[in-house]
Each structure stands twice: as structure tokens, then as C-alpha cells.
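Participant: Please read through the structure below; I'll follow up with questions.
The values are calculated or read from the model by the stated rules, or taken from the named source; none is laboratory data. Predicted, not measured: the structure shown is a model, and the values here were computed from it. Cβ sites come from the backbone with ideal geometry, for glycine too, and all protein chains shown count toward neighbours. Calculation scope for accessible area: heavy atoms of the full protein, side chains included, ligands and nucleic acids excluded. Shrake-Rupley method; radii C 1.70, N 1.55, O 1.52, S 1.80 Å.
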Amino acid sequence: MLSDCNQALTRATDEASLLEAICQTVVDVGGYRMAWVGYPEPAPGYAVQPMAHAGMEDGYLTEARATWNDVPTGQSPMGACIRTQQAVSVQNIATDERFSPWVGPAMRRGYAAVCGLPMLADGHILGGLSVYSERPDAFDSNEVTLLQELAADLAFGIATVRMRAERVRADALLRDSEERFRRLVSNSHDITLVMSADGRVTYGTGAVESILGYSPDTVVGKDAFALMHHDDAGAARELFAAVVRPNGDLHRFEFRARHRDGQWVWLEAVGTNLLDDPLVHGVVLNIRDISDRKQADTERHTLQNQLQQAMKMEAVGRLAGGIAHDFNNLLT
């Protein structure tokens, strides 16, 4: 039985099938009347929730509900083994007072003795394995020792399956997160660049192509300042150097960059120092195209100048009109 259960542990792919396989092996190979696995529920109910069973059950687990707190319904081997974290056996169900709440349902199904075994993993109680025999005095010390070994193996198997499932879930969450990030970045209208401390591009997003006409792959490894207008590159280098310094502050600056078609595009960048971040190891620049805003600013300045000129002309016209009026009065 132990050998077959260990084989089931190595083949298990999920927790539910593992519990079912162990219970079935205990009945089929071990020759027991019934076996079931229960997990403890927290307060206030303290119920023991059946998770799997095999053998002559016939509704017993529904009829003979047990708890694991220190009350009469918590004195069954299953509840007691969970509470005390020790193996608990009832050698004669018909005469043992601890089993009196369940004696009727148990006797009707041919149970004569029962042993409850805690399932412990790293000192933490996962649940219990309860094994029923049709013979009284079926659980001597040697039998209990072997069943305790089985319960310990089962607890290890449960912990392993859970760890594997958690790892699969974490990997799926990571893939989803990476895919979400990739879609967000690829559909952004802004450029995200990661630059090394010497100003070379180590990563670029798809907006590089939509804003500057270059594919992201072609800018990786290039000196980012080489694309800037010579009148702006010097100031940009100074600001970038300030960001690169330890504990460098966030800096925002504007500059012109050459589009692939030769035109100059106005850009606004915000730099953040993540050189010490092991996952980034670079300076992150979030870059936005502000050409339209610059064009609007230029047109606004032009209109303001035109308005000021018109106001000057109007003032001169009023002054000239006043002088002409005074001169006319003098002539009169």
C-alpha cells in the first residue's frame, strides 16, 4: 500500500486527483473498509470538510459530520488528530465512548475500528487521513506507525502539488503581466527609451518609429544625443548627467530631434534614474512629441506680436488724430 501510494504521489498532477488516488489505494491495496481525507475549516464552525474518500462510504460523511474543536463532536479520530496533531485510534467503535456521536452510522456501514492520522507539512497541519476497518483492534502500534508514514508522505505530496500549482499560477501571472506591459507600451503614443550611463540606447518602444521614423531596433546601441539638434544637444547632455548622478532628480527638458526624413521634431523628455534597479539598469526617458504645441506657441507669439503692433498703430493714430484736432482748433 505504501509503495503504491508513493507511486501515486509521483504521478499526481493536481491535489484532488492525488487525494482520490491515495484513498482508493488504501482501500484496494490496504484492504480497509473506507478511507477519507478531511481539511479543517476555521472558526467559528471548526468543521472538517471532506475532500476525498473511497470504499464503503454510502453517505456516511454527510450523516456523521465532525469538527476539530474540543467539544463532543470534535472527539472523533479525524477531529482529534487535527486538533492534537497526533495519531488517534478507536479500536472498538461499538464500545468507545469517544465515538458515541457517530456509532450508529458507523455500525450500519460495517465499521469496527478507525484511526485518524494528521497530515503535517513543515509543522503546519494540512488536514487528516481517517482509515476505517471492519475488524476491531485493527490498529496496533506497528500498523499506526506505517499509516503515519503514509500520512506524512501524503502531506508532502499535497505541499509539493500546491507549490507546483502556485509556481504555474505565478508564471501565468508573469506572462500576463509582461504581455499587458508589452501591449500598453507598444500602443503608447509616447516613446520610452532606456539609456546606459554613457547615453547609449539599450531599449526603445514602437513609438520611436511613429514619431521619428526609425524602427526601435535601429536606435538600440546608438548615441541618443547624435539625433538631437546641435543647439540643444549640449544642454541635454548636462541635464542627462544630472540625472545619472547618484540620487539624481527627475528632470524635464525639451529638444529637437531629426526625423528620418530630415525634418526636425520637437520633443519633451522626462528622465528617471533606474541604474541601480537590477531589472532596468538604465535611465528611463519618457518622450512626447510636442511639435504641435510648439507650432501653436509660435502662432500665438506671432498673433501677440501682431496684436501689439496693431495696438501701437491704433495709439499712434489716436495721438495723430488728437494733434490734428488741436491744430485745427488753433487754426480756427
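Participant: Could you derive backbone 3J(HN,Hα) for the stretch 39-51 from the dihedral phi with the Karplus parameters 6.51, -1.76 and 1.60 (θ = phi - 60°), listing whole Hz in sequence and x where the residue is Gly or Pro?
Facilitator: These are the phi-based 3J(HN,Hα) values: 10, x, 9, x, 4, x, x, 6, 6, 9, 8, x, 10 Hz.
Participant: Once the piece of chain linking residue 270 and residue 96 is laid out straight, how much longer is it, given 0.36 nm per residue of separation minus the C-alpha distance between them?
Facilitator: Stretched out fully, the residue 270 to residue 96 stretch lengthens by 54.9 nm.
Participant: In addition: Using 7 Å Cα-to-Cβ label points, what is the residue 203/residue 152 separation (nm, one decimal)?
Facilitator: 4.7 nm
Participant: Starting at the first residue of the stretch 310-327, write each ³J(HN,Hα) from the Karplus equation 6.51 cos²θ - 1.76 cosθ + 1.60 with θ = phi - 60°, in whole Hz, x for Gly and Pro.
Facilitator: Listing the rounded values in order: 5, 5, 4, 4, 5, 5, 4, x, 5, 5, 5, x, x, 4, 4, 5, 5, 5 Hz.
Participant: Quick check for you: with a 1.4 Å probe and neighbouring chains kept, what is the accessible area per residue of the stretch 3-46, in Å²?
Facilitator: Result: 48 Å² of accessible area for each residue.
Participant: Suppose R0 equals 45 Å; then what is the FRET efficiency for residue 4 and residue 196 from their Cβ-Cβ distance, rounded to the nearest 0.05?
Facilitator: Computed FRET efficiency for residue 4 and residue 196: 0.15.
Participant: Pulled fully out, how much extra length does the chain show between residue 215 and residue 84, if you take 0.36 nm times their separation in residues and subtract their Cα-Cα distance?
Facilitator: Length gained, residue 215 through residue 84: 40.5 nm.
Participant: Of the options 259, 311, 116, report the single residue whose Cα projects farthest towards the positive end of the charge dipole of the chain (beta-carbon charges: Lys, Arg +1; Asp, Glu -1).
Facilitator: Going by the Cα projections, it comes out as 311.
Participant: Let me ask you something else. Compare the Cα positions of 329, 147, 170 along the charge dipole of the chain (+1 at Cβ of Lys, Arg; -1 at Cβ of Asp, Glu; about the Cα centre) and return the one farthest towards the positive end.
Facilitator: 329
Participant: Find the accessible area per residue for the stretch 178-332; the probe is 1.4 Å, ligands and nucleic acids are left out, and the unit is Å².
Facilitator: 68 Å²
Participant: Also, quick follow-up: Once phi is turned into ³J(HN,Hα) by the Karplus curve 6.51 cos²θ - 1.76 cosθ + 1.60 with θ = phi - 60°, what whole-Hz value does each residue of the stretch 25-32 show in order, with x for glycine and proline?
Facilitator: Values, residue by residue: 5, 4, 6, 6, 8, x, x, 7 Hz.
Participant: Which distance in nm do the two modelled labels at residue 297 and residue 235 give, with both placed 7 Å along the Cα-to-Cβ direction?
Facilitator: 0.9 nm
Participant: Roughly speaking, to the nearest percent, how much of the chain's 1.4 Å accessible area is carbon and sulfur? Please list the in-between numbers first.
Facilitator: Values: 10280 of 19130 Å².
Its accessible area is 54 percent carbon and sulfur atoms.
Participant: With a probe of 1.4 Å, find how much accessible area the stretch 67-133 has per residue, and write the answer as a whole number in Å².
Facilitator: About 39 Å² of surface per residue is accessible.
Participant: Residue separation times 0.36 nm, minus the C-alpha to C-alpha distance between residue 181 and residue 58: what's the value?
Facilitator: Computed gain between residue 181 and residue 58 is 39.0 nm.
Participant: Right, another one. Just to verify a number: what accessible area does residue 1 come out at with the full protein assembly present, 1.4 Å probe, Å² rounded to tens?
Facilitator: Approximately 50 Å² for this residue.
Participant: Quick one: putting +1 on the C-beta of Lys and Arg, -1 on the C-beta of Asp and Glu, what dipole do you get for the chain around its Cα centre, in Debye to the nearest 20? It would help to have the intermediate numbers written out before the result.
Facilitator: Details: 30 positive and 44 negative charges, 185 e Å.
Its charge dipole is roughly 880 debye.
Participant: Note down the accessible area of residue 294, probe 1.4 Å, to the nearest 10 Å².
Facilitator: Rounded to the nearest 10, the figure is 50 Å².
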